[in-house]
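Single-structure report; data block below.
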Amino acid sequence: MYHKYIKRFFDIILSLCCIIVSSPILLVTALLVRIKLGSPVIFKQERPGYHNEIFTLYKFRSMTDAVDENGDLLPDKERLPRFGQMLRSTSLDELPEFFNILFGHMSFVGPRPLLKQYIDFYSARQKRRADVRPGLTGLAQVNGRNAISWEEKFEFDLEYVDSISFLTDIKIILKTVTKVLKRAGISAQESVTMYAFQGTKKDQFSKYKKAGHLKILFSSVADQVEFIDTFRYAAGRLGVKVTFVGCDHSLEAPALYRCHKHYQVPQPGEEGYVTELLHICKQEKIGLLIPRTEEDVFILSQRTSEFEAVGTEVLIANEELALLCSNKRWTARFFEECGLNAPQVVSSANDYTQGFPAMFAVLDEMDNLEKSIMIHDEQELSFHASKYANYTIRPFLNGKMYEIDVFCNLDGSPVYITPRAKEEVEGKESARYRVVRDHKIVEEAKKVIKKLRLSGWMTIFMLREEHTDKDYFIRMEPWYHQASTVSIKAGADAPYAALSMMLGEPMEYKEDAADDNVIFTRFEKSVCLNTREEPIVEIHDFKDLYHLDEEIGSVIFDLDGTLVDSMWMWEDIDIEYLGRYGYELPPELQKDIEGMSLSETAVYFKERFSIPESLEEIKSTWMDMARDKYTNKVPLKPGAREFLVWLRQQGIRTGIASSNGIELVETVLKAQGIQEYLESVHTCCEVPKGKPAPDIYLMVAETLGVKPEECLVFEDVPMGILAGKNAGMRVCAVEDTFSANQREEKKKLADYYIESYDEIPRERMQP
């Protein structure tokens with residue numbers, strides 16, 4: 001309401017008052033400018049305003065027109081005299097902008113109007129600063145002005161756009177007065193003005209360098225376990241924290257479970273696919289999205305601006321390149337334009353004249369390859385041509401196939417160019433490649449890269465004819481190729497380069513990064529997803545598994561069924577208690593009361609079974625029955641004590657968030673001797689709502705002094721898992737006999753799953 005109806009009225013009234021009050025200063029300043037700097041007194045310049053509409057900005061002149069011997073203007077620093085410096089340091093040069101505000105070009109508060117030429121450099125997200133009128137002052141001006149970077153300025157501008165209010169405007173105006181009086185933030189280091197904005201592509205990840213924390217989303221991860229592992233290894237070498245998030249349409253995709261977090265999404269091309277990816281990027285604050293498949297590339301190359309708008313860079317080929325690679329005829333012509341040999345490709349059987357055997361490629365409506373068929377004569381050609389409507393034909397080439405792995409920075413500059421020869425498969429190998437340092441192939445690949453605006457991966461397919469050693473370029477795939485891990489492991493470490501790029505340190509080209517003449521073979525490997533013999537997540541190290549977007553600040557446990565094996569006793573208590581009133585235990589009861597606090601459960605029993613006792617009497621009876629069992633019959637879960645000891649050693653804060661009553665919780669902790677390992681103990685009786693509401697977990701996190709996103713929750717039932725997730729925490733589901741029939745539901749809801757605490761390496765947890 002303020003922005004839409006009140007802000008403009010406020011600007012008109014205040015600008016009129018300022019013009020009237022400051023009129024003597026305006027007149028004196030104008031006279032001094034005329035005397036000391038000459039005319040014109042007013043500096044005029046076109047600037048983009050609201051929705052980037054161009055207006056004329058008015059300021060007092062602060063620089064001379066001094067030129068060198070060639071008649072060219074001297075550098076700004078030499079044209080800014082002491083009088084001009086005084087005008088800028090006191091902001092007197094800005095006073096004519098009161099008229100811009102009065103005319104509706106500007107507002108008192110908003111992002112500063114920058115130069116027109118900067119518009120082309122803005123990312124989709126940065127363009128949102130034009131959603132409000134530019135301001136005489138703004139959030140960036142009271143937080144550093146010219147002494148902060150462009151990236152920091154834009155973040156402040158966008159913060160203002162998202163939080164505009166009358167109170168915010170008043171605070172910024174008051175802070176501006178203070179800043180002007182102190183003359184703070186006028187210049188950037190030794191410059192007289194802010195350095196020119198050149199776009200943020202090169203330094204767009206500076207915030208990650210500052211934080212030392214990276215977040216990457218992989219789409220359509222499928223079975224690419226090895227690919228994810230190369231990134232994990234690269235992160236270790238760089239010594240940076242990285243959250244790897246994976247998504248796939250199937251929860252049975254093995255590579256999901258090599259990521260720190262994972263999501264199930266629609267298949268690429270299905271309704272809601274891109275929307276879901278955008279949601280994940282926004283929710284997880286993803287810095288880099290890496291599409292992994294051909295279909296992803298074609299879809300996402302058309303939607304990159306939407307991801308930029310939420311702060312996510314997509315490591316992907318541009319839309320034009322994606323289309324070029326999808327059409328084999330276009331690709332062949334492109335290779336020829338690069339001065340390279342390519343097989344002649346025709347799209348009609350009548351046009352084919354190059355002899356047999358030949359390769360007949362069946363294409364879909366979008367000219368994407370569906371399958372290839374070798375044909376040996378005219379008769380076969382006519383048969384297949386009559387069978388398919390869309391196809392291409394090229395001569396079959398006999399020779400050695402090479403696959404050239406390329407990785408480029410965001411600006412298109414190559415980092416690695418690694419040829420590998422495809423060898424004959426032997427035995428039970430699924431693939432066999434030899435890395436080769438063939439500088440002829442590398443130079444040919446450079447011709448291709450020079451003509452493209454590529455970022456990220458590309459594999460170029462080339463065949464060297466057997467008798468002539470003539471190189472024929474076949475196709476390009478601008479996405480991560482399954483066999484590219486061969487180049488990575490040979491030394492052309494593209495994941496390391498990608499992470500370095502995110503840190504604002506793009507790598508220079510390395511000619512011979514990969515070891516020469518190294519042979520890699522590939523064999524099929526099974527990955528177990530959900531059996532008792534092998535847990536769904538391969539746990540090698542606790543910190544490796546749970547070292548996500550932040551260092552773990554705290555671990556919060558549910559009690560019953562999670563830390564102690566006690567869920568069985570509540571069913572026994574319910575049977576005994578209801579038996580006193582002539583009731584049998586309803587089969588659905590435990591499901592109905594799951595997650596309820598002790599007080600909520602008492603209310604439920606009293607209302608459903610018409611219990612004559614008061615709520616306090618019900619709870620007192622249960623507590624007496626439970627106290628005996630907790631003290632004498634309830635054990636800790638296997639490995640739980642060792643785990644608590646290890647957490648203490650690591651300096652990780654711990655707490656309890658139980659649905660039980662506080663007296664019983666304290667009874668359990670005392671009986672097991674683990675009170676000293678738990679810093680914060682609270683129950684659902686202390687909060688408005690029990691699980692699955694997040695209240696109890698948020699309370700424990702607050703008392704521990706940690707943010708929800710820094711917490712890892714251990715829970716044994718779906719309602720508890722949901723409570724942790726609703727609190728914005730990560731959740732590890734713990735196996736429990738009581739909830740064995742809910743195992744699959746728990747795995748689906750939780751981020752991680754363990755059968756017991758013994759799965760965490762013992763050598764790291766000795767008291």
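Bear in mind these aren't lab numbers, they're just calculated from the coordinates by the rules spelled out. Just so we're clear, the structure is a prediction, and the values are computed from it rather than from any experiment. Using ideal geometry, Cβ is built from the backbone for each residue, glycine included, and neighbour counts are taken over all protein chains shown.
Below is a table of values for the structure above.
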quantity: Gain in span if fully extended, residue 411 to residue 174, counting 0.36 nm per residue against the direct Cα distance; calculated: 81.1 nm
quantity: Considering only segment 18-143, percent of DSSP beta bridges that pair antiparallel, nearest 5; calculated: 80
quantity: Charge dipole (debye, nearest 20) of the chain; +1 at Cβ of Lys and Arg, -1 at Cβ of Asp and Glu; calculated: 3880
quantity: Relative packing of 726-732, 25-31, 565-571, which averages over residues the other C-beta atoms within 10 Å, highest first; calculated: 726-732, 565-571, 25-31
quantity: Dipole of the chain, positive direction: furthest Cα of 21, 700, 142, with charges on the beta-carbon; calculated: 21
quantity: Whole-number D in µm²/s for segment 542-764 (Stokes-Einstein; Kirkwood sum over Cα pairs; 10 °C, 1.306 mPa s); calculated: 90
quantity: Ordering of 438-449, 461-472 by burial proxy (mean other Cβ atoms within 10 Å per residue, highest first); calculated: 438-449, 461-472
quantity: Whether segment 262-399 is rounded, prolate or oblate, judged on the alpha carbon gyration tensor where a/c under 1.5 counts as rounded; calculated: prolate
quantity: DSSP bridge pairs, segment 542-764: antiparallel proportion in percent, nearest 5; calculated: 5
quantity: Additional length obtainable on full extension of the chain from residue 275 to residue 45, 0.36 nm per residue less Cα span; calculated: 78.7 nm
quantity: Furthest towards positive pole of dipole, 214, 661, 70, structure part the chain, Cβ charges; calculated: 70
quantity: Rounded to 5, percent antiparallel among DSSP beta bridges of the chain; calculated: 60
quantity: Over 27 Å (Cα to Cα) - which of 328/470; 282/328; 489/510 fall in this group; calculated: 282/328
quantity: Relative contact order (%) - the chain, alpha-carbon pairs under 8 angstrom, separation at least six; calculated: 8
quantity: Percent RCO, i.e. relative contact order, over segment 206-316, from Cα pairs under 8 Å lying at least 6 residues apart; calculated: 27
quantity: Pairwise FRET efficiency - residue 503 versus residue 310, Cβ, R0 = 25 Å, nearest 0.05; calculated: 0.75
quantity: Interatomic Cα distance distribution for the chain, bins of 20 angstrom, percent; calculated: 13, 33, 31, 19, 3, 0
quantity: Sorted peptide list for 572-581, 329-338, criterion being average Cβ within 10 angstrom, highest first; calculated: 329-338, 572-581
quantity: Cβ charges +1 (Lys, Arg) and -1 (Asp, Glu), total dipole of segment 2-182, debye; calculated: 520
quantity: Anisotropy class of segment 646-702 from Cα gyration tensor, a/c 1.5 cut; calculated: oblate
quantity: Segment 542-764, dipole about Cα centre (Lys/Arg Cβ +1, Asp/Glu Cβ -1), debye to the nearest 20; calculated: 240
